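The values are calculated or read from the model by the stated rules, or taken from the named source; none is laboratory data. Just so we're clear, the structure is a prediction, and the values are computed from it rather than from any experiment. Because the Cβ atoms are built from the backbone with ideal geometry, glycine has one as well, and the counts that use them run over all protein chains shown.
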Amino acid sequence: MQKKYWIIAIMSQLSVFTSQAQLQYPATKKVTQTDDYFGTKVQDPYRWLEDDNSAETKDWVQKQNAVTQDYLSKIPFRDKVKARLEELWNYPKYGSPFKKGKYYYFYKNDGLQNQSVLYRQEGLKGTPEVFLDPNKLSADGTAALGGLSFSKSGKYLAYTVAQSGSDWQDGYVMDVASKQLLVGDGIKFIKFSGFAWKGEDGFYYSRYPEPDEKSKLSKQNQFQKVYYHKLGTPQSADVLVYEDNEHPLRYFGAGLTEDERFLLVQISEGTSGGEVLFKDTKDAAQKDFKVLVKGFATEPDVIDNAGDKILLKTNEDAPNYKVVLVDPKNPAPQNWKIVIPEKEEALQSVGTAGGYLFASYLKDGSTKVYQYTYEGKLVREIALPGIGTAGGFGGEKEDKEFFYTFTSFNYPPTIFHFDITSGKSTLFRKAEVKFNPADFETKEVFVTSKDGAKVPMFLTYRKGLQLNGANPVMIYGYGGFNIAMSPSFSISNLFFIEQGGIYAQVCLRGGSEYGEKWHKQGMLQNKQNVFNDLIASAEWLIANKYTNKEKIAVRGGSNGGLLVGAVMTQRPDLFKVAIPQVGVMDMLRFHKFTVGWGWAVEYGNAEKNEADFKNLYSYSPLHNLKKGTCYPATLVTTADHDDRVVPAHSFKFAATLQEAQSCNNPTLIRIESKAGHGAGKPTSKLIDEATDIWSFVMYNLGMKM
C-alpha cells in the first residue's frame, strides 16, 4: 500500500456505519476574495488552497485524508474488495511486439509489477530478455517510462521518464547493443514531446525553459521551443530550430516523414485546431519553414509523404475527415487531391506500413479498419473479432507484417499478427484473465437526449440480468476534446460487474465518435449538451427498468471529472454516488495553471469573453454548489503531483461541497501522494485506488460482498 500523508489528528466522531451521524470534516478557513467578471461579483473563499506549497494547504490535505481513510477503513468488506482485485489483476499482460533492427520489442507485466517491463528478442521465436525495466528506477514504482523512439537503424533508443505522475519528463539516450546510456546526452525540461530522429546522428524534440522548482507543478507553461540534439553533445549545445516568442502559449511539435525528406512543425493554440509548417530538406533553396496548412480552424495531421507530395488527414470541408495529397509548392486547399474521401463513419487515425495506408474508423463507437494503397485504392477491410476497439496498425515501409491489439468490455486485450500482403490476421497472444468471458455480455443502446440527439451507450453485465429496476449501475463518461469512448477492457470495471453491477459507458457529445460535428456539439456554448446526454442516459436506465435513483453511481476523470461535477450539481436527485476524479471544477480559473490555457478552445475563457463567462459560470461545478442541498455520496479523487489538472480544483470543490451538503451522504476527498493525473501510476497505487473507490461505491449503493 502506498504511503499516506501522516495523520496528524485523530478524528473523534461516531462511526457513520453505526449511527448515521453527520461526518465531522476538518474546518476549512474562508478568506475574503471577490473577483469581478463583467460586473458579476464572484466569491472565492477557498482561494488559499490553490497554493499547494503552503504549510496550511498541506495540513488541510493531511486532515482530509485522515477523515477519508477513517471512513473507508470501516467499510466491512473493504479487505475482500482488495483481495479480489489483486486476484483479478494478477495475470501476465503483454503489449504488441514491434520490430526495430534485428529485434522484436514488447512490453510485459508479470501481473502485479508496478510498471511494465520492455523486453526484446531476436526473431519471433527468440528468447526474450529484459531490455529496460522502469521498476529499477524508483523504490516504490513511481518512476514510469514515457515515450520511446528508436533511431533509423535501431542502433540508439531515446526515451523519457516521468516521476510521480508529473507531466515533466527527463530524456535519455541508450546504445541498444550494450544497453548503456550515452553519458552527457540527457535531456531535461520536456513536456508533451517526442523524439524525431534524423538518421543516427541526433533528433528533434520540444522543451520548455527551465522551470522554477517550487512552482513547476502549478505555474502556467510558456515558450515551448523546438531544438535539435546532436549525439555526443550536451543539451546546452542543442540547436534552436523553431520558436515563436510572440505566442508564448502555443505548443510546438517536430516530426519527420519516414524518408526524412520533410521536417514538419505542428503548431497548436490549444487542444483543438492546428497549423503545419514544413521544410523540404531536398530543396537547397528553402532556408526557412513554410506554411503547409494554415491554422487554426481545422485539425490537420501529416501521415507521410509520397515523393515530393504530402499525405494529410484533415477535416477541411469534411467533418468526418478525409485523406488528401498536398503539393507543398501549392498548398492551398483548392489544390488538394482527395485520396480517401470522407465517409459516413468518422475517420480516427491513419497508419502506414509496408507501403500501405491503414485507416481506422468508428462505427457507433466500434473500430473498423481498411487497408488502402497510397493512391487511395481500397485493398480490403480488416476482419476484426466483433464490436470493440483495435489499435496498432502501423510499421515501416519495408515491413511485411505488424501486430495489432483488439479489446472490448468483456474481451481482454488480445494480440493478432497481420500479414500485410495477404491480409490474414492470426491470433498471436491471448490474455489469461481469471474470469469467464462467456458469463458476461455487452449490448449497445441509443438514448434520446434533451434536444433529440441519439447518444450511444454500451451496457455490460452478467448474463441473466433481471430488469427489476434494482440493479446497481456505474455510468462512465468523458464528453470532450474530440476523444472517443470506445469499448475497452478493465479489470477494475470487471470486478464491479462481477458483483452484480452494470457498467454503462456513454459516447457523449464532445467526443470524436461521429466526427467534428459531434465534437462541436459538446464544446464551448454547446457544453450543456454533454451534461444533458449523461442525465438522459441515467433516466433511460431507470425508465427501462435497469435500475433506480438509489442505485446509480456516476464516474469520470479530468474533463470527465467536470462532467460528474456538473451533473451532480444540476441533478443531485438522480445519482446516489458521485466519483469526480482529477476534475476541472473551477471553470473560471482553469486557464491560469500549467497547461490549462490550452483548454480555452474547448471551454472558452471567462476573463476575456463575457459570453464565455456566462456560459462557464452556468455550469462550473464549484460555483453551482448550493447550501442546503442533499448531494450524492461523493468521493473526490486527486493527486499531489497532478500538473495537468492541478489539485486546487478538487480541493476547493471538496471544501465547498462539505459546507453545502445538507444530508448524511458522505462528501470525502482522497488525495494520492506521489501520483499525478493518471499516466504512469504504479499497479500498487491503481489497486489501492480501485479498492477505495469500489468499496465506497458498493457500500453507498447498498451492495454487499
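Looking at region 125-140, is at least one residue among the hydrophobic types (A, V, I, L, M, F, W, C), touching a strand residue (DSSP E or B) at 6+ places or on another chain (Cβ under 8 Å) and farther than 27 Å from PRO412 by Cβ?
Scanning region 125-140, I find at least one residue that is among the hydrophobic types (A, V, I, L, M, F, W, C), touching a strand residue (DSSP E or B) at 6+ places or on another chain (Cβ under 8 Å) and farther than 27 Å from PRO412 by Cβ, so the answer is yes.
Listed residues ALA536, ALA566, ALA606, ALA543; which is surrounded by fewer than 23 Cβ atoms within 10 Å (Cβ to Cβ), touching a residue at least 40 places away in the same chain (Cβ under 8 Å) and among the aliphatic types (A, V, I, L, M)?
ALA536
Using the structure shown, decide if VAL350 is in a strand (DSSP E or B) and buried (at least 19 other Cβ atoms within 10 Å of the Cβ).
The answer is yes for VAL350.
I'm trying to understand the selection: among the residues of region 325-368, which are among the β-branched types (Val, Ile, Thr) and closer than 20 Å to PRO300 by Cα?
Passing the criteria: VAL326, ILE338, VAL339, ILE340, VAL350, THR352.
Just give me the residues in region 156-181 being surrounded by fewer than 16 Cβ atoms within 10 Å (Cβ to Cβ) and in contact (Cβ under 8 Å) with a residue 24 or more places away in the chain, in sequence order.
Answer for region 156-181, where residues must be surrounded by fewer than 16 Cβ atoms within 10 Å (Cβ to Cβ) and in contact (Cβ under 8 Å) with a residue 24 or more places away in the chain: just LYS179.
Of the conditions (1) crowded, with 16+ Cβ neighbours inside 10 Å; (2) out of contact with any strand residue (DSSP E or B) (no Cβ under 8 Å at 6 or more places or on another chain), GLY464 fails just one. Which one is it?
The one condition GLY464 does not meet is (1).
Name the single residue that is nearest to the chain's Cα centre (by Cα) among those in region 647-692 being of a type in the set (Val, Ile, Thr) and within 28 Å of TRP48 (Cα to Cα).
ILE671
Considering GLY479, GLY469, which residue is of a type outside the set (A, V, I, L, M) and surrounded by 20 or more Cβ atoms within 10 Å (Cβ to Cβ)?
After ruling out the rest, the residue left standing is GLY479.
If I go through region 27-52 residue by residue, how many of them are within 32 Å of the chain's Cα centre (by Cα), modelled with pLDDT of 95 or more and assigned to a loop (DSSP other than H, G, I, E, B)?
Final tally of qualifying residues: 4.
Look through TRP60, TRP89, TRP48 and report the one residue that is closer than 30 Å to LYS125 by Cβ and surrounded by 15 or more Cβ atoms within 10 Å (Cβ to Cβ).
TRP89
Please work out if LYS424 is more than 26 Å from TYR372 (Cβ to Cβ) and surrounded by fewer than 17 Cβ atoms within 10 Å (Cβ to Cβ).
Spelling it out, it is not the case that LYS424 is more than 26 Å from TYR372 (Cβ to Cβ) and surrounded by fewer than 17 Cβ atoms within 10 Å (Cβ to Cβ).
Six or more apart or on different chains, Cβ atoms under 9 Å: show the pairs whose first residue is in region 115-126 and exposed (fewer than 12 other Cβ atoms within 10 Å of the Cβ) and whose second is part of a loop (DSSP other than H, G, I, E, B) and of a type outside the set (Gly, Ala, Ser).
GLY123/LYS102
Any residue in region 413-435 that is more than 14 Å from PHE403 (Cα to Cα) sitting within a Cβ distance under 8 Å of a residue that is part of a strand (DSSP E or B) and among the polar types (S, T, N, Q)? List the pairs, counting only those 6 or more apart or interchain.
From residues that are more than 14 Å from PHE403 (Cα to Cα), the pairs are ALA431/THR414.
I need the helices (runs of 4 or more DSSP H) fully contained in region 505-573, keeping only those with at least 1 residues that are at pLDDT below 95.
Answer list for region 505-573: 515-520.
Working only within region 398-451, note down all residues that are among the polar types (S, T, N, Q) and either under 27 Å from the mean Cα position of the chain (by Cα) or at pLDDT 95 or above (or both).
THR405, THR407, SER408, ASN410, THR414, THR421, SER422, SER425, THR426, THR442, THR448, SER449
Listed here are the residues, each with its yes/no results for (1) within 24 Å of VAL584 (Cβ to Cβ); (2) in contact (Cβ under 8 Å) with a residue 40 or more places away in the chain.
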residue	(1), (2)
LYS188	no, yes
PHE203	no, yes
TYR251	yes, yes
GLN266	no, no
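Within region 441-450, does at least one residue satisfy the condition of being over 28 Å from TYR603 (Cα atoms), surrounded by fewer than 18 Cβ atoms within 10 Å (Cβ to Cβ) and of a type in the set (Ser, Thr, Tyr)?
No, there is no match, as no residue in region 441-450 is over 28 Å from TYR603 (Cα atoms), surrounded by fewer than 18 Cβ atoms within 10 Å (Cβ to Cβ) and of a type in the set (Ser, Thr, Tyr).
Within the set of pairs 6+ apart or on separate chains, which have a first residue in region 331-355 that is within 15 Å of PRO319 (Cβ to Cβ), a second that is among the polar types (S, T, N, Q), and C-beta atoms under 7 Å apart?
Every condition considered, the pairs that remain are GLU342/ASN320; LYS343/ASN320; GLU345/ASN320; ALA346/ASN320; ALA346/SER512; LEU347/ASN320; GLN348/SER360; GLN348/SER512.
Could you say which residue among LEU240, LEU256, LEU263 is closer than 23 Å to GLY147 by Cβ, surrounded by fewer than 14 Cβ atoms within 10 Å (Cβ to Cβ) and at pLDDT 90 or above?
LEU240
Within the group LEU622, LEU588, which residue is buried (at least 18 other Cβ atoms within 10 Å of the Cβ), touching a strand residue (DSSP E or B) at 6+ places or on another chain (Cβ under 7 Å), of a type in the set (A, V, I, L, M) and not in a strand (DSSP E or B)?
On inspection, the qualifying residue turns out to be LEU588.
How many residues does region 112-152 hold that are assigned to a loop (DSSP other than H, G, I, E, B), within 23 Å of HIS641 (Cβ to Cβ) and not small (Gly, Ala, Ser)?
7
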